[in-house]
Amino acid sequence: MTLRPSPLYDPSQEHDACGVGFIAKITGERSHDVLARALTALKCLAHRGAIDADAVTGDGAGVLTQLPYDIFRDYLERQKKTAPADKDLGVGMIFLPRANDLAQAHARKIVIEAVKEEGLAFVAWRDVPVDVGILGRKAAESMPLITQALVARLDDISDEKFERKLYLAQKVAERRCGEARLDGFYVCSFSSRTIVYKGLLNAPQVRRFFPDLRSPNYRTALAVFHQRYSTNTFPTWHLAQPFRLLAHNGEINTIRGNRVRMTARERSMAGGVWGPRFADLHPIVQPGMSDSASFDNVLQALSLGGRSPLHAMMMMAPTAWEKNPRLSAEARAFYRYHAHLMEPWDGPAALVFSDGRYVAATLDRNGLRPARFKLYDDGYLVLGSEAGICADMPGKVLQAGRLGPGRMIAVDLQEKRVLMDEEIKAAVTEDPRYRKWSEQHLANLHAFADEHPVVPQVDHAPVLNQQLAFGYDAEEVALVLTPLAEGREPDGSMGDDTPLAVLSLRPRLLYQYFKQLFAQVTNPPIDPIREELVMSLVSMIGPRPNLYGRQAGVHKRLEVSQPVLTNADLEKVRSIETLLDGAFRTMTIDTTWDAGEGAAGLERAVERICAEATNAVLLDASILILSDRAVSSDRIAVPALLATAAVHHHLVKFGLRMQTGLVLETGEAREVHHFCALAGYGAEAINPYLAFETLEQIRVQRGLALKPYEVQKNYIKAIGKGVLKVM
C-alpha cells in the first residue's frame, strides 16, 4: 500500500525545523567510532523531531558518511564477484517502489543503462538489510525497497570526472523513471565518496533499522546526522535527511523565486564543464521536493560543476556583505560578483554539508539557528544544534564556540586540518579576477549625473484622468500617499477587516489578490532597523552571467541602490546605451491596448506584449521597459502585475529570462505592497510615474515646505522601509 498525501497537502509548504550536526576525525582516519558517536548524538536530538499519531513513526532521520568499503567488499566476495579497488567504487543508495515487482525491474534496468552509458561498469545490486519490525504502522506501509547499485570506474579518469559521471547517471535515471511514471523511485545518494542511510524514522530507530550501521566494518572519518521536524508537511521517506550533500535546519523563504530562476537557467545558459551533457542535468531542481531538497539539488550541481562545496555554499547562502566594513576588498568583490550571478537562498538556516573531502557547517546571514562546536585534542570536531550531544568524548576540549551569522567552519580531510571562517573565506575569495570582473562588468546607475532632470507634471486635469484610470481614490491620496510624501509610513488600526479581494463586490487592483502569502513556519520577527546590516534593497538589472562559466560574460549589469526609480533615473536607463557606449540595449514595450476591443482585448494584449518581449531579447535587448505611459481615454493599461509576471514567465519558458532585465514604468504602483508584488514576480526596478505626479499635486495643494525632489526622496525612503519590513 502506498500512502498518498492528503488533499490538503501542498508541496510548496515543505519546510524543516530540525536537529542537525556532524562529527569528523580531522586526521582522516576511518573508524566505526565516528559513526557510533554520530548515532549517539543523533539520539540526543530526538526531541527536535516529531512522532506521528501511531507513537512510533518519525518525520525522518538519517546519516551521511564516507563509503564503508569493507561492507561492500565483503558482500561482493560472498557473491563470488570481483570487488573493484576502493577508489574505483561508486555506490547509489536508491529507493524503489516496493509493492510493484514490474516497476522495480523497470527502474533497475533504467539505472543499469544509465550507468553503462557513462562508460562505467555495473557490478551488482545489494538490497540493504533492514529491520522492518521496529517501524511504526505508517512508516511500514509506505516503506520503499531500499537497494544499492554498486558501480565501478573502468577508464583512467580523474576522481572529479568519475564523480560527475555518477551524477550524470543519477540525473538521467531520475528523468527516465519520471517519464516512465515509476512512483517511489528516488536516489538518496550516488557517489564514489559518500553515502546516505535515511528513512521515515525517529532518531533512535536509525541504528536499529539499518544493521549495516551496527557493523564494526562500517568505517568512516565523518558523519553528518539529521533528525527532521517537518513543519506544514506530509512526511515521506525521500524527504528525510541528510540529502546528497546537505542536512538543513530551518527554512528557505525565497524558495519559489529560487526555483523559478534555476528553471530559467536550465533553458538558457551554456553548460560550462558539462558541455553538451548539460541538458542531461535537467531538471536540476527536482519537482515536488522540499525547500531543503531543492537547496541540496543546486548545491550538488554547483559543487560538481567546478567549484568546491565551500565556494558553492558561499554563493547560495552569502554572508551579509553589503554593509560590513570589516570585509576585505577581495571578499567584497567576490560577493558583489556572485550577487549578480545568483540570488541568495535566504531564510533562517543552519546548513551542514559534505562531499566526502570537506565536512562543514554555516549559518544564514541572520544567524537565527543554533550551531555549537567543540574541537578535542584527540582530533575530533563535533558540531550540533544542541550543546552536549556527545557527552562521553574522551579527549580534552581545545576550543569551543558557536557559529555566528554568516559564519562557516569546515574540516578538510585531505589536508587534515580545521578551517575557520576567516581562512575559508580568504582562500575562496582571493582570486583577483572577481575584483576585475566587478569593475569591468558592473555599472552603478547613480554614478551618472542627472543631466536632464525630469520636472514632475503639475497639470491637474491629466493627472486626475490618469488617477481614475489606475483606480486611485481620494481616501488613498489623503491617508496613504500624503504620509509617504512626508517620509513616514501610513498609520492604520490593528487588523484588516477589508473583504478578501476574491469576495469583494467592489473592483480591486490585481495586487489585492496577493495579500495572503506569508511565512507560516518558525521565523522570529526581524526588525529592519536593528537588522540593517543583514538587509539590502540593492537591485540588479540586466543579463546574468553563465552560472557554470568561469568568466563574467560579455554583458554588463546595472546596479541600483533600491528598486524605486525616479523619472530621471528611468531616463538614465533609457539612455544607458549611449552613456555606456553600447554596453546595454534597451527597448520599451507598450502595455496598453485599444479600448475599442473591450475586455476581450486583454488576452490579446498580453500575448502581444510577450511576443514583443521575446523578439526584443532575440535582438539582444538587455533591458526591457514595460510601460503603460500611453494610457488614455482610448487606451487601457494591462494590470502592471499581470504584464510583469506574464513576460517574466514567458521568457523563463523559452530560456531567455537570464539574457535581459525587466524594468517597469507604471502609473498603477503606489503602495508598499504593490512594489513587493511586482518585485516578487520579476520586476528588477519600478518607476511609479503617476505616484510622483500625485506627490507633486499633494505638495502644491497642501503647501508642503518641501522641494519636488525632497518629496520624491521622502516617498522612496518610506517605500524602502516598508519593503524591508515585508522582507
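The values are calculated or read from the model by the stated rules, or taken from the named source; none is laboratory data. Owing to the predicted nature of the structure, the values given are computational and were not obtained by experimental measurement. With ideal geometry, Cβ positions are generated from the backbone for all residues, glycine too; neighbour counts draw on all protein chains shown. In case anyone asks, the SASA skips ligands and DNA or RNA and just uses the protein heavy atoms, side chains included. Shrake-Rupley method; radii C 1.70, N 1.55, O 1.52, S 1.80 Å.
Put simply, the Cα atoms of segment 302-350 extend 32, 25, 18 Å along their principal axes, the longest span coming first.
Averaging 1/r over every pair of different alpha carbons in segment 324-451 and inverting the result gives a Kirkwood radius of 16.9 Å. Rounded to the nearest 10 square angstrom, CYS676 shows an accessible area of 30 square angstrom against a 1.4 Å probe. Calculated mean residue ellipticity, 222 nm, the chain: -10000 deg cm²/dmol, from DSSP H runs (n ≥ 4) at -39500 (n - 2.57) each, averaged per residue and rounded to 500. Around TYR218, what is the net charge, scoring Lys/Arg as +1 and Asp/Glu as -1 over all other residues with Cβ under 10 Å from its Cβ? Net local charge, TYR218 excluded: +1. In degrees from 0 to 90, rounded to the nearest 10, what is the angle of the helix 101-117 Cα long axis to the longest principal axis of the chain? Roughly 80 degrees, rounded to the nearest 10. Each 5 Å bin from zero holds the following percent of Cα-Cα pairs in segment 197-251: 4, 17, 25, 28, 16, 6, 3, 1.
Determine by what factor the alpha-carbon radius of gyration of segment 574-637 differs from 2.2 N^0.38 Å, reporting the quotient.
Numbers: Rg = 13.8 Å, N = 64, 2.2 N^0.38 = 10.7 Å.
The reported ratio for this selection is 1.30.
Computed from Cα atoms alone, the Kirkwood hydrodynamic radius reported for segment 610-672 is 12.4 Å. The alpha carbons of segment 231-334 occupy a box of 45, 39, 22 Å along the principal axes, longest dimension given first. Taking every protein chain into account, the 1.4 Å probe leaves LEU102 with about 140 Å² of accessible area, to the nearest ten. If you bin all the Cα-Cα distances of the chain at 20 Å, starting from zero, the percentages per bin are 16, 46, 29, 8, 0. Report, in listed order, any pair from LYS165/LYS653; LYS165/LYS436; LYS171/LYS653 with a Cα-Cα distance greater than 23 Å. Beyond 23 Å: LYS165/LYS653; LYS165/LYS436.
Can you tell me the orientation of helix 291-303 relative to the chain, as the angle in degrees between its alpha-carbon axis and the longest Cα principal axis, to the nearest 10? Result, in degrees: 80. Solvent exposure of the chain amounts to 42 Å² per residue of accessible area, where only protein heavy atoms count and the probe is 1.4 Å. Computed over neighbours whose Cβ is under 12 Å from that of ALA312, the net charge equals -1, Lys and Arg +1, Asp and Glu -1. Cross-link partners for LYS721 among the aspartates and glutamates, with Cα-Cα distance under 18 Å and sequence neighbours closer than 8 places in the same chain left out: GLU322, GLU486, GLU489, ASP491, ASP527, GLU531, GLU532, GLU671, GLU684, GLU710.
For the chain, which whole percent of the accessible surface, found with a 1.4 angstrom probe, sits on carbon and sulfur atoms? Please report the intermediate quantities before stating the final value.
Numbers: 16060 of 30320 Å².
Carbon and sulfur: 53 percent of the exposed surface of the chain.
You can think of it this way: the chain between ASN444 and THR27 has 145.4 nm of extra reach, that is 0.36 nm per residue less the Cα-Cα gap. Let me check against my output: what whole-number percent is the relative contact order of the chain, with C-alpha pairs under 8 Å and at least 6 apart? Normalised by residue count, the contact order of the chain is 14 percent.
Label sites at ARG417 and HIS282, each approximated as a point 7 angstrom past Cα along Cα to Cβ, lie 4.4 nm apart. Its alpha carbons give segment 561-610 an Rg and a Dmax of 15.5, 43 Å.
Regarding segment 39-178, what whole-number volume in Å³ per residue does the convex hull of its Cα atoms give? It would help to have the intermediate numbers written out before the result.
Details: hull volume 20.6 nm³, N = 140.
So the per-residue Cα hull volume is 147 Å³.
I'd like to compare 296-305, 415-424: which one has the highest average count of other Cβ atoms within 10 Å, and what's the full order after that?
The most tightly packed comes first, giving 296-305, 415-424.
If you take all other residues with their beta carbon under 13 Å from the beta carbon of ASN100, and give Lys and Arg +1 and Asp and Glu -1, the sum is +1. A 1.4 Å probe over all protein chains sorts CYS44, CYS177 by accessible area into CYS44, CYS177, starting with the largest. Relative to the first principal axis of the alpha-carbon coordinates of the chain, what is the inclination of helix 255-266, with its axis defined by its Cα atoms, in degrees from 0 to 90 and to the nearest 10? Helix 255-266 sits at roughly 80 degrees to that axis.
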